[in-house]
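Each remark here refers to the structure printed beneath this line.
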Amino acid sequence: MIIVTEKEIAGLIDRKISFEAVEAVFAAMASKDAYNFPVIREAIGHADALYGFKSGFDRKSLVLGLKSGGYWPGNEARGLTNHQSTVILFDADTGMVKALVGGNLLTALRTAAASAVSIKHLAPKGAKVLGMIGAGHQSTFQMRAAVEQRDFEKVIGWNFHPEMLGRLADTAAELGLPFEEASLDQIGSEADVIISITSSHDPILLDAQVTGGTHIACMGTDTKGKQEIEAALVARATVFTDEIAQAVTIGECQHAIGNGTLKEADITELGAVINGSHQGRTSDDELTLFDGTGVGLQDLAVASAAVDLAIRKTADNKG
Ligand code: NAD
């Protein structure tokens, strides 16, 4: 069995590899070559933790496995990341365990890759202003991946805890982009692309605030009860997702589906746009929305890429 520890991941895999792995697996999902198994997520009644499994199989690349982990809110006080996860990959021909891979950095990379893939395929071509809602751990990964998809000239940001906005300002500065703290009205009217990545349980961005042909990547809502975007805004948009079954149950779409303003048939898998079987955005005025719920196959795709790179590195070192 190959073990790729959490510490080794950063030296193996980068944003480009993550992007390509996620784009390919979204396409495989839409063509029904890859599928996710039902997600298990449980409050375990200890350490206030949420623990679960995400798993799936990609028949095209023969990647089979699961990501196990969850959320331990007390970790930060111990100097640890609250989200903890590990990926286990199996040999699709024999069922034998193939690899154990640290999943924390991979989760951030694959989540950022998902919104970046949505920006590549759905955002207006001339997008100049990136709006960020959220300034937590994932936000910097999101910003770094997003700016590689369009020639953004400015980043504007809002956060429920404004004292955290320095994180966005610092990341924008590293990327050579000006950063401005903004109101939600300003983000809704000025940003060409908006990424929401918070743990909110109430709508933050309201329908009336978004006035143009914006692309919104909703990345924070990955559990029943969470919400970042007003349901009416979701219902008004042309909606894409990683996986429809997750979008309607645990994603941002759950609320518009729940109040009857959005139907499952109105939602398209992003993979269909990647495959060319859906046209995606049809005009600069169109409001597009990607509900990125986070699927197990994304984790398996990036973990498999990391394992391949680890094997190559070991062979190179020996040779
Ligand atoms: P974090 O704890 O580091 O940051 C939380 C963010 O949410 C901060 O911006 C914080 O200010 C904001 N926030 C907290 N309480 C809020 C409230 N009541 N209202 C509005 N905003 C609030 O978390 P993170 O690691 O950056 O993750 C952010 C979200 O993304 C979480 O909900 C997490 O579950 C989700 N996530 C989704 C995926 C996916 O694939 N879709 C993957 C990883 C994480």
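Each value in this text was obtained by applying a stated rule to the coordinates, not by laboratory testing. The structure displayed is predicted, hence computed values, not measured ones. Note: ideal-geometry Cβ built from the backbone for every residue, glycine included; neighbour counts use all protein chains shown.
Once both labels are positioned 7 Å from their Cα atoms along Cα-to-Cβ, the gap between M1 and T211 label points is 5.7 nm. Here is what passes the span test in the chain: the DSSP H helices with alpha carbon length of 24 Å or more along the helix axis and a Kyte-Doolittle mean of 0.5 or above are 104-122.
Each Lys and Arg adds +1 at its Cβ and each Asp and Glu adds -1 at its Cβ; summed about the Cα centre, segment 124-294 shows a dipole of about 180 debye.
How much net charge surrounds E230 when only the other residues with a Cβ under 11 Å from the Cβ of E230 are counted, with Lys and Arg +1 and Asp and Glu -1?
Numbers: positive: R236; negative: D202, D207, E228, E252.
The answer is -3.
Determine, for each peptide in 203-216, 103-116, 137-150, 163-176, the mean count of other beta carbons within 10 angstrom over its residues, then list the peptides with the highest first. All intermediate terms of the calculation are to be shown ahead of the outcome.
Details: 203-216: 19.2, 103-116: 25.6, 137-150: 21.9, 163-176: 15.5.
Taking the mean over residues of other Cβ atoms within 10 Å, the ranking is 103-116, 137-150, 203-216, 163-176.
Scaled against 2.2 N^0.38 Å for its residue count N, the alpha carbon radius of gyration of segment 124-294 is 0.96.
Length gained on full extension, H161 to L184: 6.9 nm, using 0.36 nm per residue less the C-alpha separation. When DSSP beta bridges are limited to those with both residues in the chain, what percentage is antiparallel, rounded to the nearest 5? Bridges in the chain are about 50 percent antiparallel. Extents of the chain, largest first, come to 56, 45, 41 Å (Cα atoms, principal axes, whole angstrom). In plain terms, the chain from H201 to F37 could stretch by 56.5 nm, reckoned as 0.36 nm per residue minus the Cα-Cα distance. Lys-Lys pairs in segment 124-294 that are eight or more residues apart or on separate chains and whose Cα atoms lie under 27 Å of each other come to 4.
Counting only lysines at least 8 places from K313 when in the same chain, those with an alpha carbon closer than 29 Å to its own are K7, K16, K54, K60, K67, K98. Sparse packing (at most 13 other Cβ atoms within 10 Å of the Cβ) combined with a DSSP loop state is found for the following trypsin sites (Lys or Arg not before Pro) in segment 215-319: K224, K263.
Exactly which trypsin sites (Lys or Arg not before Pro) in segment 8-42 are in a DSSP loop and have at most 14 other Cβ atoms within 10 Å?
Numbers: sites: R15, K16, K32, R41; in loops: K32.
Counting only loop positions with at most 14 other Cβ atoms within 10 Å, the trypsin sites (Lys or Arg not before Pro) in segment 8-42 are K32.
The calculated pair-distance distribution of segment 92-170 uses every alpha carbon pair, bins of 10 angstrom beginning at 0, and gives 17, 40, 26, 10, 7, 0 percent. Stretched out straight at 0.36 nm per residue, the stretch from A92 to H137 would grow longer than its current Cα-Cα span by 12.8 nm. Once C-alpha pairs closer than 8 Å and six or more residues apart are averaged by separation and normalised to the residue number of the chain, the relative contact order reads 21 percent.
Modelling each spin label as a point 7 Å along the Cα-to-Cβ direction, I'd like the I311/E76 distance in nm, to one decimal. Once both label points are built, they end up 3.9 nm from each other. With the charge dipole of segment 124-294 set up from +1 on Lys and Arg Cβ and -1 on Asp and Glu Cβ about the Cα centre, the Cα lying farthest toward the positive end among the listed residues Q246, G258, V155 is that of Q246.
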